[in-house]
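Read through the structure below, which is laid out as structure tokens, and then see the notes.
The values are calculated or read from the model by the stated rules, or taken from the named source; none is laboratory data. If you're wondering where the values come from, they're calculated on a predicted model, not measured in any experiment. In this analysis, Cβ positions are derived from the backbone assuming ideal geometry, glycine residues included, and neighbour counts consider all displayed protein chains. When the accessible area is computed, the model is the full protein with side chains, heavy atoms only, and any ligands, DNA or RNA have been set aside. Shrake-Rupley method; radii C 1.70, N 1.55, O 1.52, S 1.80 Å.
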Amino acid sequence: MESGGNSLSSGPDGVKRKVSYFYDPEVGNYYYGQGHPMKPHRIRMTHALLAHYGLLQHMQVLKPTPARDRDLCKFHADDYVNFLRAITPETQQDQLRQLKRFNVGEDCPVFDGLYSFCQTYAGGSVAGALKLNQGGSDIAINWAGGLHHAKKCEASGFCYVNDIVLAILELLKVHERVLYVDIDIHHGDGVEEAFYTTDRVMTVSFHKFGDYFPGTGDIRDIGYGKGKYYSLNVPLDDGIDDESYQSLFKPIIGKVMEIFRPGAVILQCGADSLSGDRLGCFNLSIKGHAECLRFMRSFNVPLLLVGGGGYTIRNVARCWCYETGVALGIELDDKMPQHEYYEYFGPDYTLHVAPSNMENKNSRQLLEEIRAKLLENLSKLQHAPSVPFQERPPDTELPEADEDQNDGDKRWEPDSDVESDDDRKPLPSRVKREYIEPECKDPVSNMMAIDEPCIKVEQNDSNKPSDQHIEMNL
């Protein structure tokens, strides 16, 4: 087993990395429904930009094998996975009780091919983790992944299956410690909750906090039991800009890397933290967002990049294209090449867009207080915890095939709501909304069961709703 913090064979930061890119040409065909802000079509737009910027030729392009039922059940409950596999738009009216039980219906609608979509995006993240475990890549990319809100027994916030948790479980088969960093505007609640009581996974989430979905992610939520101080939450306010964001990101992540010394890192690159996002309220530029990736890459630790939120889809494609270039060490021309989705990017047809002049509500004093508190929490950790590790579990068996870059995937249907990307009006009920206290549920409904864990229930008097966590015997 590898110890934490190993350097990669590719050498110092200036040297090119070996990058594997996972993409299924069918992913852009899935459709959440009219008016829904989550549009898998953005993954196809990103892929088209990568192709026309010439980046695909610098990566190993792979079509991931869909995750199987048993792969998904390594985290999710069997009955929840069975429900996702069976439910269809035609049968949902006969399953109203189950829909409510599993939180499927509004933010997380039933649509044609729902289960195949889950298998596709989860398969890409698990395959990326496997590629890193096998030493086949320095960086693996799955822009279709990053659906960080999904819980063990329920969908949440447009997310059905938590591909990140599944990828972390795969990485833990080889690495003693795994770091998860989340720069989506929404708190990475599903991932944090899954690993809240272990010291083998550290979760760090930078997010909008206060009257904002999902309502969790208070700075006082720090982990529990063996996991105490292994959850870091960076609560931010509206309008944060590049400079303010990096004044927190770099010192916090720098200290995390020094103390925790992970063997692998997952960076969730949710693009709803960009300026002008349809559901977001931050003011990051694409270069400012990508600076987080540039910094993570500099540590030369195996890195899995996944997508996440992002609802102004032309900017999502811009961002993930540019960040693929950063992963490869290739700077891209701001002038966008002609391609099949060129008209989405008018009138400027450039890769970068200027941030707005919105007010930054994050004062220097507030930022300094957050930074000081989190660095204080990190100082309470011992360097690189020693974790007993017996027999390595077998790798997930996911064969992969080189993706034909000239695939004949269908073009986006002309009746898709291209224009709605510009529509910044308030949306109907199918959007992430302010947090509402959930009904009391089965006390083990959100637990991750691994090797008959001992269930712990944290009594927390902070703003975070009462969640259940587990002690993982990994």
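Couple of notes before you dig in:
- Here the contact order of the range 176-331, divided by its residue count and restricted to Cα pairs under 8 Å and six or more residues apart, works out to 23 percent.
- The Cα center of the range 36-96 and the Cα center of the range 311-339 differ in position by 22 Å.
- Greater than 29 Å apart at Cα, pairs in Lys226/Lys250; Lys208/Lys250; Lys18/Lys151: Lys18/Lys151
- Additional length obtainable on full extension of the chain from Arg70 to Ala86, 0.36 nm per residue less Cα span: 4.2 nm
- Average Cα contact separation per residue, the range 19-380, under 8 Å, 6 or more apart, as relative contact order %: 18
- Computed lengthening from Arg364 to Gln246, 0.36 nm per intervening residue step minus Cα-Cα distance: 41.2 nm
- A simple count of charges around Leu274, restricted to other residues whose Cβ falls under 12 Å of its Cβ and scoring Lys, Arg +1 and Asp, Glu -1, yields -2.
- Rounded percent of accessible protein surface that carbon and sulfur make up, the range 19-380, 1.4 Å probe: 47
- For peptides 230-237, 60-67, 341-348, 105-112, sequence by mean Cβ density within 10 Å, most packed first: 230-237, 60-67, 105-112, 341-348
- The residues neighbouring Leu375, those whose beta-carbon lies less than 15 Å from its own, together hold a net charge of +1 under the Lys/Arg +1, Asp/Glu -1 convention.
- Most simply put, the range 19-380 has about 5% antiparallel DSSP beta bridges, counting only bridges with both residues inside it.
- Taking only the Cα atoms of the range 19-380, the radius of gyration and Dmax are 19.1, 54 Å.
- Highest-first arrangement of 318-328, 116-126, 31-41, where packing means the average Cβ count within 10 Å: 116-126, 318-328, 31-41
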